[in-house]
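Encoded as structure tokens, the structure appears first; notes follow it.
Please treat every number below as a calculation from the coordinates, not as lab data. Remember, it's a predicted structure, so these values are computed and weren't measured experimentally. Backbone-built Cβ (ideal geometry, glycine too); neighbour counts: all protein chains shown.
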């Protein structure tokens with residue numbers, strides 16, 4: 001074999017090795033870019049991730065909390081209770097991190113996932129959204145909860161009590177569509193509330209309605 005031939009082979013081997021190294025580096029870089037959240041949550045149990053999320057929420061680090069919460073929801077080893085806790089916080093964090101529309105989208109995903117939340121959890125999510133004035137998102141939660149617990153008198157009573165305070169906020173913001181939605185769900189109107197509250201405690205109609 002000639003010296004020139006040997007040199008050509010060495011160059012070819014070097015080129016192949018160099019291309020392999022570049023491809024490997026590219027894959028690692030892509031993994032680091034798209035899977036950064038995985039690196040933060042990798043190997044952690046759902047219980048630990050929920051604690052991490054709780055700390056992030058306390059510090060109002062909404063996106064950091066979402067990283068942990070999404071990992072719990074995606075974890076096949078997480079229990080139904082852990083997943084429901086993650087969904088409960090996820091809706092709130094989406095609203096705080098990305099706005100009310102993101103919270104509404106999260107509510108729709110929660111419903112599609114058939115998460116095993118209790119009526120009290122639905123009421124808490126709605127209350128937290130109401131408290132930050134994300135009223136349409138709060139209404140979306142009550143709508144999903146109403147469908148989920150259809151025929152449950154205790155759930156309806158709970159949602160109806162919450163609907164009063166939500167209606168007050170909707171009225172203050174002149175959100176007539178929201179008021180109409182609450183009426184269509186059966187939470188406003190009638191002589192007496194199902195929980196025994198007198199009729200004069202009901203929320204009055206919005207100012208622009210007769």
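Values for this structure:
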{"quantity": "Net lengthening on full extension, residue 157/residue 47 (0.36 nm per residue, minus Cα-Cα)", "calculated": "36.4 nm"}
{"quantity": "Computed FRET value (nearest 0.05) for residue 184 with residue 81, which takes r as the C-beta separation and R₀ as 35 Å", "calculated": "0.60"}
